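First up is the structure itself, then whatever we jot down about it.
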Amino acid sequence: GDGRADIYEAGFEDENGVRAEALQTGRPCTFAARVRFDAAVENPLFGINVQNSHRDHLLSASNLWSEPRCGTFAAGDEVTFRIRFENVLAPDRYHVTPAVARHGGAWIDRRERMISIVVTGTHSTDALLELPYEVVIERSAASPARAELVR
């Protein structure tokens, strides 16, 4: 980045806002990062990219669509930005790259794979996400209730 800001701390919080070393799939969580500005920056974008252990890119989130005009930050200002989401990630270790950028994509500060977090779950899957779902099996009226042995 151009050095006008410094992401100096980052981590995850559980659904109660408590710092977490591991997250459970299916529960809300929050990524939080602290940023110190070393020069004036107008309307920066704060965001993250999340990758799994195979470097599959699973999440990009920022204030681009929610609050792109977040104001001007002066040298010496410090902020914490948080990104809250429902954790649908499958059990694995995930690496997070937080960034502060100008509109148009020029980096102010970007910390490649700054932190990692382990997501736990009750079962393993070959999917990247643990999306909630339900399965319904309906037997048609023409189908027999049970299979019969044919001799």
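The values are calculated or read from the model by the stated rules, or taken from the named source; none is laboratory data. Just so you know, these numbers come straight off a predicted model, no measurement behind them. Cβ coordinates were reconstructed from backbone atoms using ideal geometry, including for glycine residues, and neighbour counts include every protein chain displayed. All accessible areas refer to the heavy atoms of the entire protein, side chains included, with ligands and DNA or RNA removed. Shrake-Rupley method; radii C 1.70, N 1.55, O 1.52, S 1.80 Å.
Structural remarks
- Some residue of the range 127-138 being surrounded by 12 or more Cβ atoms within 10 Å (Cβ to Cβ) and hydroxyl-bearing (Ser, Thr, Tyr): no
- Here Ala90 fits the description: closer than 17 Å to Leu23 by Cα, open to solvent by less than 70 Å² (accessible area, probe 1.4 Å) and in contact with a Gly (Cβ under 9 Å, 6 or more places away or on another chain).
- Some residue of the range 90-112 being acidic (Asp, Glu), under 15 Å from Cys29 (Cα atoms) and not in a strand (DSSP E or B): no
- Wholly within the range 1-88, strands (runs of 3 or more DSSP E) carrying at least 3 residues that are under 16 Å from Val100 (Cα atoms): 5-13, 28-37, 45-51, 57-62, 78-86
- Of all residues in the range 32-39, none satisfies being within 13 Å of the chain's Cα centre (by Cα), of a type in the set (Val, Ile, Thr) and open to solvent by less than 30 Å² (accessible area, probe 1.4 Å).
- Within the range 3-16, the only residue that satisfies the criterion of being over 28 Å from Trp107 (Cβ atoms) and either over 15 Å from the mean Cα position of the chain (by Cα) or among the polar types (S, T, N, Q) (or both) is Asn16.
- Some residue of the range 10-28 being farther than 30 Å from Asp126 by Cα and either surrounded by 13 or more Cβ atoms within 10 Å (Cβ to Cβ) or modelled with pLDDT under 95 (or both): no
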